[in-house]
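Undergrad: Sharing a structure below in structure tokens format, with a few things to ask.
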């Protein structure tokens, strides 16, 4: 009986070593990941632009949201945000700045950042608490990522790629 128990325990140990444990127990990975594919056709009204992007927003732990937004074909970026999607799915209010709200972005290809629960106050988080932003991200089409551009030498606004202050590309975060 003792050798049979030893064999069963040994077989289970080997199986765990070979096949690993459930990833949910991994403390180094994000709790949840939300993604958005950004393009001009998702804007309201739709934009004619070759610019595109992908956004990944991670709930790293119960108190930290972090993000990476990769962009192609964007020029003159002025800001990027997460917006609350209104019931009519048009343009909603900003809830989280993905770029520095007090300085222009330094890159037209990459946006990275994070916010903790305690940092989620104006001017970074506006009109929503940390928990409300997470709830919006968890809701199908509850929020969208929007990238804004502007060419200060072109008037009037919204004349073409690189000159869309109301938003050049966007995508729903799900």
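Each reported figure results from applying straightforward, stated rules to the coordinates on display, with no laboratory input. Keep in mind it's a predicted model, so treat the numbers as computed, not measured. Counting neighbours? That spans all protein chains shown, and the Cβs are built from the backbone with ideal geometry, glycine included.
Undergrad: Among 124, 115, 145, what is the fewest-to-most ranking by other Cβ atoms within 10 Å?
TA: Listing 124, 115, 145 from fewest to most nearby Cβ atoms yields 124, 115, 145.
Undergrad: I've got another one for you. Report, in whole Å, the centroid distance computed from the Cα atoms of segment 64-110 and segment 115-174.
TA: For segment 64-110 versus segment 115-174, the Cα centre distance is 4 Å.
Undergrad: Just to be sure I understand the model, the point goes 7 Å from the Cα along the line to the Cβ. What's the resulting residue 124 to residue 54 distance in nm?
TA: 2.6
Undergrad: Another question, if that's okay. Taking Cα pairs under 8 Å and at least six residues apart, what relative contact order does segment 65-174 come out at, in percent?
TA: Taking the mean separation of contacting Cα pairs over the length of segment 65-174, I get 31 percent.
Undergrad: So if I average 1/r over every pair of distinct C-alpha atoms in segment 25-172 and take the inverse, what Kirkwood radius in Å does that give?
TA: Computed over segment 25-172, the radius equals 15.4 Å.
Undergrad: Arranged from highest to lowest average of other beta-carbon atoms within 10 Å per residue, in what order do the peptides 99-112, 78-91 appear?
TA: Listed from highest to lowest mean packing, they are 78-91, 99-112.
Undergrad: Rounded to the nearest 0.05, what FRET efficiency do residue 159 and residue 87 give with R0 = 30 Å and r taken as the Cβ-Cβ distance? Could you check?
TA: Here the calculated transfer efficiency is 0.50.
Undergrad: Please express the Cα-Cα pair-distance distribution P(r) of segment 53-120 as a list of whole percents, one per 5 Å bin, running from 0 to the bin with the greatest distance.
TA: Here the calculated profile for segment 53-120 is 4, 15, 23, 24, 20, 11, 3.
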